[in-house]
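Report on one structure; see the data block that follows.
Bear in mind these aren't lab numbers, they're just calculated from the coordinates by the rules spelled out. If you're wondering where the values come from, they're calculated on a predicted model, not measured in any experiment. All Cβ positions, even for glycine, are placed from backbone atoms using ideal geometry, and neighbour counts span all protein chains on display.
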Amino acid sequence: MTVTFDPEVTADEFRGRRVTIIGLGKGRTTAGLARFLVGKGAIVTIADPKPREELVDGIARLGDVAEKVKLILGPSTDETALAEPDFVFVIPGIRPRSPTILRALNRGVPVLTEMALFFRLCPATIVGITGTKGKTTTTTLVERVLGTGSRKVVVGGNIGTAIIQEVDNLRREDIVVLELSSFQLETLGHSPQVAVVTNVLEDHIDHHGTRDAYIAAKKNIVAWQGPRDIAVLNLDDPATVALHTGAASEVRGFSLSLRPKHGAHLDQNGDLVLVSGDRRTVLCKASELRVPGRHNVANALAAAIVGDAFDIPADDIGRVLREFEGVPRRLETVAEKDGVLWVNDSAATTPAATMSALAAYERPAVAILGGVSKGADFGELARVLARRAHGVVLIGRAADEIASAIAVADPSGAVEVRRAATLDAAVADARQMARPGDVVLLSPANASFDMFSSADERGEKFAAIVRSFTS
């Protein structure tokens with residue numbers, strides 16, 4: 001059953017009302033939402049069951065708004081937080097059927113999310129982008145492609161600051177580009193006018209419970225679209241195509257192997273091509289892209305379709321695709337020393353993302369893997385490692401699970417497997433194992449929260465270690 005948190009409210013309704021935000025976490029969404037609500041005259045409380053010492057980053061991100069809100073922190077916050085609110089907001093990552101949220105609903109308290117409120121209040125056209133992997137790269141590409149036009153482009157969602165802070169500054173002619181995670185989509189009763197789905201693999205099973213529930217969350221990006229809206233879908237991924245079942249929007253597909261009637265594809269000559277009926281426009285060659293991997297060709301095709309939908313000239317789209325050098329911590333080249341290429345792919349938090357990273361390079365690999373598993377199956381990744389890597393260094397809580405999968409996939413022990421207690425030690429081991437012509441990939445296939453506050457922190461630490469002996 002779909003759960004949506006989308007009461008029909010206006011921004012003026014928060015003035016003088018008691019509003020509780022459930023969840024502080026790292027504070028990006030909560031800080032922006034609190035700042036917006038305080039600005040609208042709300043009396044804001046932020047509640048989180050974690051103790052204060054575990055929420056230092058989130059509290060710091062509140063900045064000057066911390067003095068204008070009430071914080072209720074610690075494991076016994078539930079009853080106090082839900083004493084008498086007029087509205088409750090839940091941040092991404094909090095389970096919609098958690099006891100706290102169910103208690104609020106049972107008491108008849110309206111439950112909202114930042115994203116649903118933004119969709120309700122936003123006057124601009126919204127481009128929403130989701131996918132198990134590729135959404136940040138595609139979002140960045142779409143921003144740059146649309147930025148060549150005359151309309152103001154604002155980016156938010158799963159990246160940047162809380163987008164609700166921008167809503168009062170937006171006009172009807174503007175474009176908002178949102179990266180949307182399954183957490184943000186699962187309770188959303190709206191779809192963007194242009195929806196992009198890069199792929200639907202498997203992720204966040206620890207949160208959603210099943211793959212079907214994860215897919216159901218992703219489906220919301222197209223489920224509420226109307227006949228004038230556009231769905232930009234990966235035709236090479238059956239699960240992505242299946243999302244559109246029952247949706248009313250127009251499909252513009254992209255593919256590395258098929259030719260859609262309306263969309264974009266990679267042709268037999270290695271050209272990225274826009275197609276619309278008989279119209280065929282070459283944008284650039286795949287060999288001209290600066291970001292490695294076929295998955296990045298697919299991301300570029302998706303971004304090109306969005307650009308075309310907003311009448312961006314093909315020459316401008318092609319130029320952006322050729323100039324794009326990627327985003328930090330996604331197949332980011334850190335250095336090359338003694339014939340070994342060092343690559344920071346810390347943002348790869350799923351096995352599928354790590355498999356794409358391994359496929360992006362012709363070089364033999366030494367992979368640094370591990371962290372906190374999100375309920376994923378490492379079997380297929382282990383089989384890819386057996387073919388593509390000669391060394392693996394394991395860190396974090398998932399080390400035993402990954403090691404077991406590799407042992408099954410590689411019974412002869414051809415892949416050398418080591419374990420390291422720290423990232424510094426892992427890099428030292430990888431340095432010993434690497435040979436000239438290799439690529440050393442930090443592509444963990446797991447979340448970072450056992451050892452780092454974020455995948456960004458993990459990647460920055462890796463890059464700093466590598467630069468200490470390569471620069």
- line: Over its alpha-carbon atoms, the range 116-323 yields an Rg and a Dmax in Å of 16.0, 47
Cα convex hull of the range 229-327 - mean projected area over all directions, nm²: 6.3 nm²
query: Which percent, to the nearest 5, of DSSP beta bridges fully inside the chain are antiparallel?
result: 20 percent
task: Set Lys and Arg Cβ to +1 and Asp and Glu Cβ to -1, take the dipole of the chain about its Cα centre, and tell me which of Ala426, Leu272, Ala60 lies farthest positive.
output: Leu272
message: Between Arg290 and Val408, what is 0.36 nm times their sequence separation minus the Cα-Cα distance? Round to one decimal in nm.
response: 38.9 nm
query: Could you state the per residue volume, in Å³, of the convex hull enclosing the Cα atoms of the range 397-468?
result: 102 Å³
query: Whole-Å semi-axes of the range 289-353's equivalent ellipsoid, largest first, each the root of 5 times a Cα gyration tensor eigenvalue?
result: 27, 14, 8
message: Taking the number of other C-beta atoms within 10 Å as the exposure measure, put Val282, Val251 in order starting with the fewest.
response: Val282, Val251
- prompt: For the pair Asp450 and Arg322, how long in nm is the line joining their label points, each one 7 Å along Cα→Cβ?
  reply: 4.6 nm
message: From the C-alpha coordinates alone, can you work out the Kirkwood hydrodynamic radius of the range 11-112, in Å?
response: 13.4 Å
field: Ratio of the Cα radius of gyration of the chain to 2.2 N^0.38 Å, where N counts its residues
entry: 1.00
query: Given only helices, namely DSSP H runs of n ≥ 4 each adding -39500 (n - 2.57), what is the per-residue ellipticity at 222 nm of the chain, to the nearest 500 deg cm²/dmol?
result: -10000 deg cm²/dmol
Separation in nanometres of the label points that stand 7 Å from Cα toward Cβ, at Asp12 and Asp86: 1.3 nm
- prompt: In the range 43-181, what is the volume of the convex hull around the alpha carbon atoms, normalised per residue and reported in Å³?
  reply: 137 Å³
query: Roughly how many debye, to the nearest 20, is the charge dipole of the range 332-470 about its Cα centre, given +1 on each Lys and Arg Cβ, -1 on each Asp and Glu Cβ, and no other charges?
result: 180 debye
- prompt: Compactness ratio of the range 332-470: Cα Rg over 2.2 N^0.38 Å, N = residue count?
  reply: 0.92
- prompt: Where in the range 354-452 are there trypsin sites (Lys or Arg not before Pro) that are in a DSSP coil and have at most 16 other Cβ atoms within 10 angstrom of their Cβ?
  reply: Arg397
- prompt: In what sequence do Asp400, Asp450 fall when counting other Cβ within 10 Å, fewest first?
  reply: Asp400, Asp450
statement: With +1 on the Cβ of every Lys and Arg and -1 on the Cβ of every Asp and Glu, the dipole magnitude of the range 376-449 about its Cα centre, in debye rounded to the nearest 20, is 180 debye
- request: Work out how much length Arg95 to Asp377 would gain on full extension: take 0.36 nm times their residue separation and subtract the Cα-Cα distance, in nm to one decimal.
  value: 99.3 nm
Alpha-carbon spread of the range 115-232, three principal axes, descending order, Å: 42, 31, 26
query: If you keep only loop residues by DSSP, which trypsin sites (Lys or Arg not before Pro) in the range 244-349 have at most 12 other Cβ atoms within 10 Å of their Cβ?
result: Lys261, Arg290
- request: Round to the nearest 0.05 the FRET efficiency obtained for Gln432 and Arg211 when R0 = 41 Å and r is the Cβ-Cβ distance.
  value: 0.60
Check: the chain dipole with +1 on Lys, Arg Cβ and -1 on Asp, Glu Cβ, in debye: 160 debye
statement: Taking alpha-carbon centroids only, the range 311-383 lies from the range 1-57 a number of Å equal to 35 Å
field: Leading residue at positive end of dipole, the range 359-411 (Cβ point charges), from Ala359, Ala398, Gly375
entry: Ala359
field: Listed peptides 264-275, 345-356 by packing density, highest first (mean Cβ within 10 Å)
entry: 345-356, 264-275
field: Gain in span if fully extended, Glu53 to Arg228, counting 0.36 nm per residue against the direct Cα distance
entry: 58.1 nm
